[in-house]
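Beneath this line is the structure, given in structure tokens, with notes to follow.
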Amino acid sequence: MHAAQQRVAQALARCREVYPTLPAPKVWFDLKGASAGQAHLGRGGLRFNPVLLSDNRDAYFDEVIPHEMAHWLVFHLANGTRLKPHGREWQAVMRDLFGLVPKVTHRFDTQRSQPRPYRYECGCQTHCFTARRHALVVKGRRYRCRHCDQTLVYSAFENP
Ligand SMILES: [Zn+2]
Ligand SMILES: [Zn+2]
């Protein structure tokens with residue numbers, strides 16, 4: 001995490017070239033599941049997913065950390081005005097300040113950060129559920145297959 005903190009500090013320094021009074025964000029490594037990072041103006045900081053970070057170090061250093069820092073900067077530049085999260089301003093920061101292509105989505109392998117060991121069957125395939133989704137089924141929620149429209153039925157627990 002130390003190296004990631006340093007990368008955040010570096011990205012912050014870059015932002016301060018255009019906004020010298022930009023406050024330093026707090027940094028948490030507490031995100032779970034498929035989410036790579038989040039910028040929270042209300043909580044005053046940036047959140048990152050520690051499992052995805054350790055599995056995708058280069059992508060974090062090259063893209064995810066600048067991506068969230070760009071949100072942080074735009075939040076403050078906008079000074080309370082609600083802008084589109086990945087709108088013109090954010091794209092300009094990504095491009096002009098960080099020299100990056102302003103892409104929005106990442107394609108990380110989330111098998112470790114978001115395991116799906118619960119197997120469900122329909123009429124056409126096997127579906128893999130997370131523990132959270134499986135718990136919803138146990139509480140009575142029903143899911144249908146988008147292809148065959150049958151209700152999914154729990155069949156097995158299978159860790160990869
Ligand atoms: Zn974003
Ligand atoms: Zn189906």
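The values are calculated or read from the model by the stated rules, or taken from the named source; none is laboratory data. Worth saying up front: this structure is predicted, and the values here are computed from it rather than measured. Cβ sites come from the backbone with ideal geometry, for glycine too, and all protein chains shown count toward neighbours. Just the protein is used for accessible areas: all its heavy atoms, side chains included, with ligands, DNA and RNA removed. Shrake-Rupley method; radii C 1.70, N 1.55, O 1.52, S 1.80 Å.
Scan region 13-46 for residues that are closer than 19 Å to residue 94 by Cβ and surrounded by 18 or more Cβ atoms within 10 Å (Cβ to Cβ) and the total you get is 7. Evaluate region 56-64: report whether one residue or more is more than 21 Å from residue 104 (Cβ to Cβ), at pLDDT below 95 and out of contact with any helix residue (DSSP H, G or I) (no Cβ under 7 Å at 6 or more places or on another chain). Within region 56-64, none of the residues are more than 21 Å from residue 104 (Cβ to Cβ), at pLDDT below 95 and out of contact with any helix residue (DSSP H, G or I) (no Cβ under 7 Å at 6 or more places or on another chain). Of the conditions (1) open to solvent by 20 Å² or more (accessible area, probe 1.4 Å); (2) assigned by TED's automatic domain parsing to the domain that holds residue 19; (3) within 13 Å of ligand 1 (Cβ to nearest atom), residue 70 fails just one. Which one is it? Every listed condition holds for residue 70 apart from (1).
With the requirement that a residue be open to solvent by less than 60 Å² (accessible area, probe 1.4 Å) and either without any contact (Cβ under 8 Å) to a residue 40 or more places away in the chain or of a type outside the set (S, T, N, Q) (or both), what does region 100-114 give you? Let's see the steps before the verdict.
Initially, region 100-114 is screened for residues open to solvent by less than 60 Å² (accessible area, probe 1.4 Å), giving 100, 102, 108, 110, 113-114.
Answer for region 100-114, where residues must be open to solvent by less than 60 Å² (accessible area, probe 1.4 Å) and either without any contact (Cβ under 8 Å) to a residue 40 or more places away in the chain or of a type outside the set (S, T, N, Q) (or both): 100, 102, 108.
When you scan region 105-160 for strands (runs of 3 or more DSSP E) that lie fully inside it, which ones turn up with 1 or more residues that are within 30 Å of residue 68 (Cα to Cα)? Show your work before the answer.
Working: elements: 118-121, 126-129, 153-157.
It comes to 126-129.
Residues in region 119-136 that are within 16 Å of ligand 2 (Cβ to nearest atom) and not basic (Lys, Arg): 120, 121, 122, 123, 124, 125, 126, 127, 128, 129.
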